[in-house]
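Each remark here refers to the structure printed beneath this line.
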Amino acid sequence: MSADMQRIPDTTLPVEVPRPQQIPIMPPRLKARLEFYKAELPPWYPVFDRIFVYPLENEDEKTASGLYIPKVTNKEVGVGVGFIVAAGPRALEQLYAHGMGLGDIVLTARLSPWERKFIGRKSKEPHTVLVLRASEIVGSIDLLDAYEKQDMWLEMKPNGRVNLADRHSARESINPPDADTDPDAV
């Protein structure tokens, strides 16, 4: 080191970088649904914005006049129902941003999913998953339940942006009024 270049002491404080939050691959809701429906996870994992949905069998639908519509006809014109068993990183971002997660029962867009069959590692029985994009989920039964129980709600920010809020989130949020305590709530 030359005489004209002096060493400057390091006076910066160490910066603590927050650790990213780990997302469980097997949340309790997914584990319970896999056990209840005797389903298994596929032997591969989705990437990007892909989602694997385990289809649920629909029973024959009875019309108001008492006629039964068989499953085959229902499948051609209806919406698919199933629960999410796996999602790629981009899909998980979209799902969590809209209040859904692994294990949620969802409705899929008509004619959108591809079917993939596989043999279960434990049961050695054939299983089927639907492969679709996150944007092809059109609704969630579990999300509706959360809205009805007021565990989740939508908030409009002053800038006009709408965000999803829940009672369990770490960020500050205004709780919706309780109908039991506030007579003007409803």
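Residues whose amide H lies under 5 Å from that of residue 140, counting only those 5 or more places away or on a different chain, are 107; hydrogens are built 1.01 Å from N in the peptide plane.
Note down the net charge around residue 142, summing +1 for each Lys or Arg and -1 for each Asp or Glu among other residues with Cβ under 14 Å from its Cβ. Every neighbour counted, the sum reads -2. Counting charges near residue 39 (Lys, Arg +1; Asp, Glu -1) among other residues having Cβ under 15 Å from its Cβ returns a value of +3.
Summarising the label geometry, the points placed 7 Å from Cα in the beta-carbon direction at residue 110 and residue 151 lie 3.1 nm from one another.
Every number here is computed from the coordinates shown, using simple stated rules; none is lab data. Just so it is clear, the structure is predicted and the values come from calculations on it, not from any experiment. Cβ: placed from backbone, ideal geometry, glycine included. Neighbour counts: every protein chain shown.
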